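Right, one structure below, let's go through it.
Readers should treat all values here as calculations from the given coordinates under stated rules, not as data from a laboratory. Because the structure is a prediction, the values reported are computed rather than measured. Here the Cβ positions follow ideal geometry from the backbone for every residue, glycine too, while neighbour counts run over all protein chains shown.
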Amino acid sequence: MEPRLEMRDITKSFGDVAVLRGVSLELAPGEIHGLVGQNGAGKSTLTRILAGGHADYGGTVRIDGSPVRLGSPRDAARHGIAVIYQDFSLVPQLSAADNIMLGSEPGRVTFRAKSIRQAAARLLDTAGMADTIPLDAEVRTLSAAVRQRVEIAKALTRNARVLVLDEPTARLADADRERLFALMRQVAARGTALIFISHFLGEVLDVTSRLTVLRDGAFTASGQAADFGTTSLTTAMLGRELAAVEEEEASDKIRGRAAVLPGGHPRTPDATARTAPGTPALLAATGLAGGRQVRDVSLAVHGGEVVGLAGLVGSGRSTLARMLVGATPLREGSLRIRGKAVRLRSPRAALRAGLALVPEDRRAQGLVTTSPASENVVLMALAGTGRAGIVGPRSLRKIAREAIATYEVRPPDADLGGGAFSGGNQQKLVLARAILANPDVLVADQPTAGVDVGTKAQIHTIIRDLAGAGKGVLLISDDLDELLALSDRLLVMRSGTVVSEVAGTAATRDQLVGAMSAGTPSTGTR
Amino acid sequence: MQAADAVAPVWAAWSKAVAGNKGRLWRYGIWAALIVLTLILVIVSPSFRTPFNLTNILQQNSMLGIVACGMLVMMISGGFDLSVGAVGATASVVAAWASGHAPLAAAIVAGLAVGLVVGAVNGILIAKGGINAFMTTFAMASVVTGLLFAGTNAAPVTGNAPALITLALGRAGQVPYAFIAYIAVAAVTWFLLSRTKWGHYVYSIGGNREASYLSGVPVVTTQFAAFVFGGLCAAFGGLLLLGQSGIGQPSSATDWPLTAIAICVIGGVPLSGGEGRLHGTIAATLLLGVITDGLNLLNVSAYIQPTVTGAVILIAVAVDKISRRRAPGR
Ligand SMILES: Nc1ncnc2c1ncn2[C@@H]1O[C@H](COP(=O)(O)OP(=O)(O)OP(=O)(O)O)[C@@H](O)[C@H]1O
Ligand SMILES: [Mg+2]
């Protein structure tokens, strides 16, 4: 049988930096093909070439045997290639329906908002995603997870011959994830060839039939998914073994996806860094209400502890995080920092008071994509100091370079624009930026979305180290294993309020899932 | 005193209407400002409330309103155009000259052609060449103005276009023809923006050019066409300008670019593009007209008028900003 998609010796450089060096790939109709590799390996670049977004690639692409040239997104669409991009490629001001139909609106010249909406609703229906997306809401009002659904819907509705999914699960909760896999299998059954990119190696092994490993823009291994395990896959990706990953292998077998084992990180021993009993919490919130649905939330983060915040998409976790740092106004309730009542009117005031946020959507809220990495990294540290502008560029660059080295940002180039880094490396920049501000309490909203296994383990260590140094961390994650592995205490949010609290070491995955979903179904928006 | 008394009931009624509509009416904050100001003037100034004066305001602001329609489209697409004044002046001079040598229809076509050509060059440089709109249109304004002055020796050109004079100054009963022209252009703009794929794409490229490109939206042609449309509107404004005095004046229309941009911003279009509604632009056009007219009728010193105008703009924008915060879905 003719391969549906054949890529041969694909090359791509930015200036004189070769990012892809002769990558070849072959997909049969109906095949789900995994593509894995470290952050910056070149996966998204390959995706973008298929999408027609890099006209200046080298090598040949064939679809169903005939060579095609992918010079523009229109070319790609014409040849039946659809792509789900890693970082959202949505128009924030348009409605979800408009975004789903963007570029393939019905009609030739005229257009009616109503017919777009109907077409979008119909397509969602056939894809089995009806009612999972509020079609009339502007995309900028939607949470990251719902935006991800919009992105998926957009690609699924194109009736593609080749569908590329670049880290679609990085921000999805379990239920959405399963729904996506079911959809992928359904699409594959129609003969579409799929490329699936993910850093959750367990799920890659589960979902795909064959896979390809990239390292530094070059092909390193490929084969039947069945012949790989997470260890061998990690070794192929990194070119070395990762100690922590061996433990994951074991847990993976149970859970079907990669994560660090609970207990993989030592909890801070109570006596040392933990705040002595009697001293006020670093951060204490009482009766908070705000945003669309957050109400009556009280919580405390003590020095030396990581507090995990679990909940379904739409349970109000991100809104709560924004409220804590003054980005979303409080309607009710009060905050105390080290026992002193504070009123935070802006993230800047929060920084001064020792609270920093790692926002959930690095692209829209996190990174200044046009500024160099160095400026991105020191941004918060500057806002926090209150030194009015007079800082030597030298010392700034030095700080930035150190951070880039510490967090192993690739490429280690402080002058590269924020937008030119791969997704995972952007995430590292955003995290480094918050930590450099030296906050007493770090509020981290999905800090490991889209980072590779090696870096993920590293970020976990950083978070535990912060706690070890007597700081507090409020960790929001959709990855329950991550929460279980890192948290001293776990809070569960449901419909805008905290419904239960469990000790991190005692909690089980099932217990969490139960608490998160009891009674109320997941709602569409945040 | 009187003014304050007059506002209170209006404001109360407005707030009530808003509350009854679950906040949807807040989106029309700029209209509220216009209505309130008009009512105040109607109450305090007898000469303001004459039908002739009111229709006169419509007549005098139609020209800028038309230019602002073009600016609106360009700004939603993520750009703006500093050359609309140069285009307006050139179109009026070219049409004046042509009207002395050729039939009127040819003169009109020649005037509009100025807008078409300049808009197309702007469009190519900005949409295809990727040069920023500020640089491109700023330079274009210089180039065009220079050519215009060189070509005319800075002297006004007398035209022979009675039809344009009728269009600019005539009335159908009480209704000025110029205002009818404005409504027609506004209707076309509305249709293009909200009922054509092109208009939809104007919003999408202004909102996120990259995402639109990757979705298969023809970003270059869309933005190119936006600048051509803007140029045409400016040239049409130039024809009305010619009609107002009967002569093409090279040094006229220099205040158009900033005024038109201000109108759009007051009407709710962010400088970054991606959103904006025609009704806001219309309200803002009329608001500026009412302010100017009111100040004249109240015998406010010409020296202090700009200050008052500026202050009213700031208040209007503040009201609008607060309205938006209360609007649902933000
Ligand atoms: N516009 C650009 N200019 C310069 N370098 C770029 C540009 N875009 C990408 N790169 C570089 O190309 C390399 C590959 O990036 P790519 O986004 O393909 O990685 P990836 O495998 O998708 O990583 P991740 O898992 O983090 O998403 C990176 O080193 C990145 O910095
Ligand atoms: Mg990537």
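Here are some notes:
- Of B:Met74, B:Met140, B:Met63, the residue with the greatest mean-square motion in the GNM of chain B, using alpha carbon springs below 10 Å, is B:Met140.
- Pair-distance profile P(r), taking every C-alpha pair of the stretch B:237-330, with 5 angstrom steps and integer %: 2, 11, 17, 21, 18, 15, 9, 4, 2, 1, 0
- Within the stretch A:406-526, the proportion of C-alpha pairs whose separation exceeds 26 Å stands at 29%.
- GNM result for chain B, Cα springs below 10 Å: residue of B:Gly206, B:Gly100, B:Gly123 fluctuating most strongly: B:Gly100
- Straight Cα distances below 12 angstrom link A:Lys114 to the aspartates and glutamates A:Asp98, A:Glu105, A:Asp136, with same-chain residues fewer than 8 positions distant left out.
- With each label modelled as a point 7 angstrom along the Cα→C-beta vector, the B:Thr50-A:Arg345 pair spans 5.0 nm.
- Among beta bridges that DSSP assigns inside chain A, antiparallel share in %, nearest 5: 55 percent
- Computed Rg/Rh of the stretch A:1-101, alpha carbon atoms with Kirkwood Rh: 0.98
- Counted by Cβ distance under 13 Å from A:Ala218, the other residues give a net charge of +2, where Lys and Arg count +1 and Asp and Glu count -1.
- Using θ = phi - 60° and Karplus 6.51 cos²θ - 1.76 cosθ + 1.60, couplings along the stretch A:26-39 (whole Hz; Gly, Pro as x): 9, 10, 7, x, x, 8, 9, 10, x, 10, 10, x, 4, 4
- Largest to smallest principal axis extent of the C-alpha atoms in chain A, angstrom: 73, 50, 50
- Couplings 3J(HN,Hα) of the stretch A:129-143, computed from phi: 10, 4, 6, 9, 9, x, 5, 8, 6, 5, 4, 5, 8, 8, 6 Hz, in residue order, whole Hz [Karplus 6.51 cos²θ - 1.76 cosθ + 1.60, θ = phi - 60°; x for Gly and Pro].
- Phi to ³J(HN,Hα) by Karplus 6.51 cos²θ - 1.76 cosθ + 1.60 over the stretch A:11-25, Hz, x for Gly, Pro: 10, 7, 10, 10, x, 9, 9, 7, 9, 10, 10, x, 9, 10, 7
- Cα-only Debye scattering, the stretch A:5-243: base-10 log of I(q)/I(0) at q = 0.13, 0.16 Å⁻¹: -0.79, -1.17
- Here the Gaussian network model covers chain B, with springs between Cα atoms less than 10 Å apart; of B:Thr137, B:Thr292, B:Thr90, B:Thr292 fluctuates the most.
- Long-range Cα-Cα pairs in the stretch B:50-317 (distance over 35 Å), rounded percent: 14 percent
- By other beta-carbon atoms within 10 Å, ranking A:Glu151, A:Glu482 with the fewest at the front produces A:Glu482, A:Glu151.
- Euclidean distance of C-alpha centroids, the stretch B:202-251 and the stretch B:52-80, integer Å: 13 Å
- Using alpha carbons only: equivalent-ellipsoid semi-axes of the stretch B:40-99, gyration tensor based, whole Å: 31, 19, 8
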